[in-house]
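In what follows, a structure is listed as structure tokens, so that the remarks can point back to it.
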Amino acid sequence: MLSLNLTVDATSALSDAVEVYARGEFVEAFGLFCELAEQGDVDAKAWLAAMYANGEGVAASLSKAVELYRESAEAGNVLAQTNLGAMLAMGQGAPRDEAEGVIWLTKASEQGDLFAQYNLATLYSKGEGIPGNQELAVKWYRVAAEAGHYPSQARLGYFYANGIGVKQDRVEAYVWLSLAAQHGVGTALSALEAIVSQMSADEKCRGAAAVEAWRSRTPDASSHARLHPKPA
């Protein structure tokens, strides 16, 4: 999962290039980003990397995308750190290197990038190319889940339902699976139905109350339609 979020100063030259890109005029946008990158604009390099990765305005080249993401990441661009980490972990555009991927994803995670947090948690969960660590997976899924990242909410709920990296807790599982299911995460809805069938009436009441409390604390992340089972 690559990060797509990059804040742009509306008064900057980069903003003009982004506006051209948003109109779908990729060739012109590519030229504008190139000019800015040559002047040392770190964010422009991240945009160029994305255009190379997607083949927008230029022939697709994952290796060139990795090169530009690395330059931008080393200069501190969080989106570039996230995407470089993800591409290294997946072996896209460079030899697969989960260990280095974790380094970059950790940098971005510590700066609040939800995609980095989700990817980092997934790497620790799978333990492929790096030592598995379910406790760290839970930690980063939780951070992203509490910020409203739906896939992380689904994963955190699954971990609670099955006691992976954390003590099994049907109420916590209910809460996180409910929050994910309300946003259409299909696997969360299926898992939620399974956990509800195992819950006592008291657990269902506590779960429903916790879901409502979470929504009241984070209205912006909980503004979509509600879709959690009501206590019997």
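Taken over region 89-113, residues that are among the β-branched types (Val, Ile, Thr) and farther than 20 Å from ARG142 by Cβ amount to 1. Does region 41-61 hold any residues that are surrounded by fewer than 17 Cβ atoms within 10 Å (Cβ to Cβ) and in a helix (DSSP H, G or I), and which are they? The one that is surrounded by fewer than 17 Cβ atoms within 10 Å (Cβ to Cβ) and in a helix (DSSP H, G or I): ASN54.
Only one entry of THR7, THR82 meets the criterion of being assigned to a helix (DSSP H, G or I) and either within 29 Å of TYR150 (Cβ to Cβ) or at pLDDT 95 or above (or both), and that entry is THR82. Does at least one position in region 17-34 carry a residue that is closer than 28 Å to GLU100 by Cβ, open to solvent by less than 30 Å² (accessible area, probe 1.4 Å) and either modelled with pLDDT of 95 or more or out of contact with any strand residue (DSSP E or B) (no Cβ under 7 Å at 6 or more places or on another chain) (or both)? For region 17-34, residues closer than 28 Å to GLU100 by Cβ, open to solvent by less than 30 Å² (accessible area, probe 1.4 Å) and either modelled with pLDDT of 95 or more or out of contact with any strand residue (DSSP E or B) (no Cβ under 7 Å at 6 or more places or on another chain) (or both): present.
For region 71-92, filtered to residues that are under 13 Å from the mean Cα position of the chain (by Cα) and of a type in the set (S, T, N, Q), the residue that is surrounded by the fewest Cβ atoms within 10 Å (Cβ to Cβ) is GLN81. Can you name every residue in region 188-224 that is in a loop (DSSP other than H, G, I, E, B) and modelled with pLDDT of 90 or more? Scanning region 188-224 gives SER197, GLN198, MET199, SER200.
Considering only residues in region 111-147 that are farther than 27 Å from ARG217 by Cα and charged (D, E, K, R), the one that is modelled with the highest pLDDT turns out to be LYS126.
The values are calculated or read from the model by the stated rules, or taken from the named source; none is laboratory data. Bear in mind that the values here come from a model prediction, so they are computed numbers and not experimental data. Here Cβ is always computed from backbone atoms with ideal geometry, including for glycine, and neighbour counts include all displayed protein chains. Heavy atoms of the whole protein, side chains included, go into the accessibility calculation; ligands, DNA and RNA do not. Shrake-Rupley method; radii C 1.70, N 1.55, O 1.52, S 1.80 Å.
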